[in-house]
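The values are calculated or read from the model by the stated rules, or taken from the named source; none is laboratory data. Just so it is clear, the structure is predicted and the values come from calculations on it, not from any experiment. Here Cβ is always computed from backbone atoms with ideal geometry, including for glycine, and neighbour counts include all displayed protein chains.
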């Protein structure tokens, strides 16, 4: 069994801290520090808790509660880094690239699992990215309990 699968199982069962991070591109490999993470005034990783379900012999974990991230403020200098920003005539960023990926991180900030969103989220001023309960699904590896 891989260490990552074992750690993923532990954190998804809430025996440890699992954080969700937002990315404008591929976050990188499991077991590494994430790249392409959004960075804007007020942004921070969000803590999440998961429930397990089995369908067609696949084990899945879904978020139990809503996962909220802070909104990007119009006054944020430079807006969102790691994203394409188009300023308006007053120099205020008005368009951000989409959030295309998320990563689940352990308490040390290392990637446990990462993947692309089925429906990317468009970043905008005063819009708080969020995942409603049950909307974030994590496929748990087959060897998670070997």
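Okay, here's what the table says:
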quantity: Index of the failed condition, residue 107 passing every other in (1) modelled with pLDDT under 90; (2) surrounded by 13 or more Cβ atoms within 10 Å (Cβ to Cβ); (3) within 12 Å of residue 20 (Cα to Cα); calculated: (2)
quantity: Matching option when the condition is at pLDDT below 85 and either under 23 Å from residue 119 (Cβ atoms) or in contact with a helix residue (DSSP H, G or I) (Cβ under 9 Å, 6 or more places away or on another chain) (or both), among 82, 101, 6; calculated: 82
quantity: Conditions (1) at pLDDT 65 or above; (2) in a strand (DSSP E or B); (3) under 23 Å from residue 125 (Cα atoms); number of the one not met by residue 94; calculated: (1)
quantity: Test for residue 30: is it closer than 18 Å to residue 139 by Cβ, modelled with pLDDT of 80 or more and assigned to a loop (DSSP other than H, G, I, E, B); calculated: yes
